[in-house]
Amino acid sequence: MNQSVLYRYVPNADSAEAQLVIPTAERELIMQIHHNDPMAGHYGEDGTLQKIAKRYYWTGMKKYISDYIKKCPECARFKATNQKPAGLLRTPVYSQRFEVIAIDLFGPLPQTDSGKQWIFIVEDCATKWVELFALSQASARQCATTLIEEVFMRHCIPRRIISDNGIQLVSAFYNRFALR
C-alpha cells in the first residue's frame with residue numbers, strides 16, 4: 001500500500017514493475033483509455049490484455065476485457081471475420097482482336113543515334129499481342145500519329161483504349177483525336 005493505493009507485485013512475473021490494483025468503478029475508464037482511445041488502436045483481446053496487464057491488475061481481468069471487447073461496436077464492425085471475402089478478380093474476356101487495346105509510354109531512355117528516347121507500348125487485350133514503337137518525343141501528337149499509322153491502319157480501330165492517364169494521353173489534342 002502506497003499513499004492509499006494498492007499495488008500487486010509478483011516476483012516471478014514477466015514485468016519487474018508492480019501493478020496498480022484497479023477498483024471496480026475505475027475499470028471502465030482504464031478500458032476506454034487502453035482500448036477505445038484513438039491512440040489505443042482497438043487491439044483484440046490478447047493485445048489489450050497485454051497492454052493493461054503490464055501496469056494494472058484486478059480480479060477477473062481477462063474475462064472483463066474479453067466481454068468489453070465483444071461489446072465494442074468498432075471491433076465488431078471491423079473484425080476480419082465480419083468482412084466479406086474479396087473474391088476472385090474478374091478479368092474481362094474480349095472476343096475479338098484489337099477490340100480493346102492498352103497503351104503506355106516508357107522512358108525517357110538514353111537517346112539513340114536516330115534521336116529516339118521513348119517507347120510507346122500498345123497491347124491488344126484479347127491476344128496479349130504487344131507492339132513497341134520508338135519515339136523521339138513523348139508528345140500527344142506523336143502518340144496519336146503512331147496509333148493511327150501503325151495500329152489502326154494495320155489492324156482496326158478499337159472500341160476502347162485503356163491508358164494510365166499519362167499527361168500525353170489525356171491532352172486536349174488527344175481528346176480531339178479520340179472524339180473523331
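The values are calculated or read from the model by the stated rules, or taken from the named source; none is laboratory data. Model, not experiment: these values are computed from the prediction. Please note: Cβ atoms are built from the backbone with ideal geometry, for glycine as well, and neighbour counts cover all protein chains shown.
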Output for Cβ contacts, cut-off 6 Å, separation at least six or different chains, first residue surrounded by fewer than 17 Cβ atoms within 10 Å (Cβ to Cβ) in region 127-146, second part of a strand (DSSP E or B), reads VAL130/GLU123; GLU131/VAL122; LEU132/ILE119; LEU132/ILE121
Among the residues of region 39-47, is any touching a His at 6+ places or on another chain (Cβ under 9 Å), at pLDDT below 85, of a type in the set (Ser, Thr, Tyr) and not in a helix (DSSP H, G or I)? yes
In region 97-125, residues that are assigned to a loop (DSSP other than H, G, I, E, B), surrounded by fewer than 17 Cβ atoms within 10 Å (Cβ to Cβ), of a type outside the set (Lys, Arg) and at pLDDT 90 or above total 10
Selection from region 56-96 of residues of a type in the set (Lys, Arg) and at pLDDT 85 or above yields LYS62, LYS63, LYS70, LYS71
Note on region 126-147: residues assigned to a strand (DSSP E or B) and touching a Phe, Trp or Tyr at 6+ places or on another chain (Cβ under 6 Å) are PHE133, LEU135
Original post:
Is it fair to say PHE120 is touching a residue at least 40 places away in the same chain (Cβ under 8 Å), in contact with a helix residue (DSSP H, G or I) (Cβ under 8 Å, 6 or more places away or on another chain) and among the aromatic types (Phe, Trp, Tyr)?
Top reply: no
